[in-house]
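K.L.:
Take this structure first; my questions come after.
The values are calculated or read from the model by the stated rules, or taken from the named source; none is laboratory data. These numbers were taken from a predicted model, which means no experiment stands behind them. Virtual Cβ from ideal backbone geometry, glycine too; neighbours counted across all protein chains shown.
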Amino acid sequence: MKDEGDINQSINRFEKNKNLHMLLSERFLWMNDFIDINHKGIEVGAAAGFSKKFIKSKNFKISDYSDHPHLDFKNIDAQNTGFKDDEFDFVIASNMIHHLPYPLKFFNEMNRILKKGGKLIIFDAHCSVLLQLVLIIMKHEGFDFTKDVWSLKEPSTDDNDLWSGNSAIPYLIFNNKKIFAEKLGSKFNIKKLKICECLLFLNSGGVSSKTFYIPLNFFFLKFIKYFDRFLSFLFPKIFSLAYKIVLEKK
């Protein structure tokens, strides 16, 4: 694994890598089902900003807790954005919740900046058996199911390291719907919760870092896409690497 966190390298890989393009199209295109072309939206934790290549809204901006020139808003903390109340029709959070020290702060902030009926559109890690194995082998980020993701005092990740990650966080938030309802049910309705992704990611060449992959043409990539859906349907706890989630502000 090379170039971890190197945004420029990530952008260069996307332009050359069909495998990565297919992966990211699967991660973002579905979001358009919950977005109107005139909706005002923002992505928090956008990193390389790949979402802009797939999201159809004419009034969509990207932000990150960094100052890279491709960003519309720089140095934005997703737990305390500084945006106005009820400002956005939708917010995208792609593979960033598992980096948050205090997820509850994030959800409270998203509830504040979304309009009533606005959508929080999430793509994030699902800590399946396979993902745990991959994280152990690659020694990348990690997972800790003992963390209290609802705490406002004890961090779920290293709050001094932006690239620190705990891939168990989304599972701890969304797996138990009863607890979710107790903690966030007064703020959000769950409109979509789906488990997905496997081989497309493992043979993508890496999003935020460079990994080994076998270049494939469109036919084989499409076959893998549907095979992933088959695996996720039959064996989600073993193979599925990600969540697709949409929350609607009450």
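K.L.:
Name every residue in region 162-198 that is farther than 19 Å from Gln79 by Cα, buried (at least 17 other Cβ atoms within 10 Å of the Cβ) and hydrophobic (A, V, I, L, M, F, W, C), in order of residue number.
P.N.:
Ile195, Cys196, Cys198 - these are the residues of region 162-198 that are farther than 19 Å from Gln79 by Cα, buried (at least 17 other Cβ atoms within 10 Å of the Cβ) and hydrophobic (A, V, I, L, M, F, W, C).
K.L.:
From the residues in region 96-112 that are of a type in the set (A, V, I, L, M) and surrounded by fewer than 23 Cβ atoms within 10 Å (Cβ to Cβ), which one is nearest to Asp148 (Cα to Cα)? Write out each step before concluding.
P.N.:
Of the residues in region 96-112, the ones of a type in the set (A, V, I, L, M) are 96-97, 100, 104, 110.
Now drop any that are not surrounded by fewer than 23 Cβ atoms within 10 Å (Cβ to Cβ), which leaves 96, 104.
Working: Met96: 17, Leu104: 10 Å.
Filtering first and then ranking leaves Leu104.
K.L.:
What are the residues in region 68-95 that are surrounded by fewer than 13 Cβ atoms within 10 Å (Cβ to Cβ) and modelled with pLDDT under 95, if any?
P.N.:
Result: Pro69, single match.
K.L.:
In region 93-116, which residues are of a type in the set (A, V, I, L, M, F, W, C), part of a loop (DSSP other than H, G, I, E, B) and in contact (Cβ under 8 Å) with a residue 60 or more places away in the chain?
P.N.:
Leu100
K.L.:
Kindly state which helices (runs of 4 or more DSSP H) lie completely within region 148-236 and contain at least 1 residues that are under 30 Å from Asp86 (Cα atoms) and touching an Asp or Glu at 6+ places or on another chain (Cβ under 7 Å).
P.N.:
169-174
K.L.:
Could you check region 78-87 and list, in sequence order, the residues that are under 16 Å from Asp64 (Cβ atoms) and touching a residue at least 24 places away in the same chain (Cβ under 8 Å)?
P.N.:
Within region 78-87, Ala78, Gln79, Asn80, Thr81, Phe83 qualify.
K.L.:
Hey, does region 128-147 have a residue that's surrounded by 23 or more Cβ atoms within 10 Å (Cβ to Cβ), touching a residue at least 24 places away in the same chain (Cβ under 8 Å) and more than 24 Å from Leu202 (Cα to Cα)?
P.N.:
The answer is no; no qualifying residue exists.
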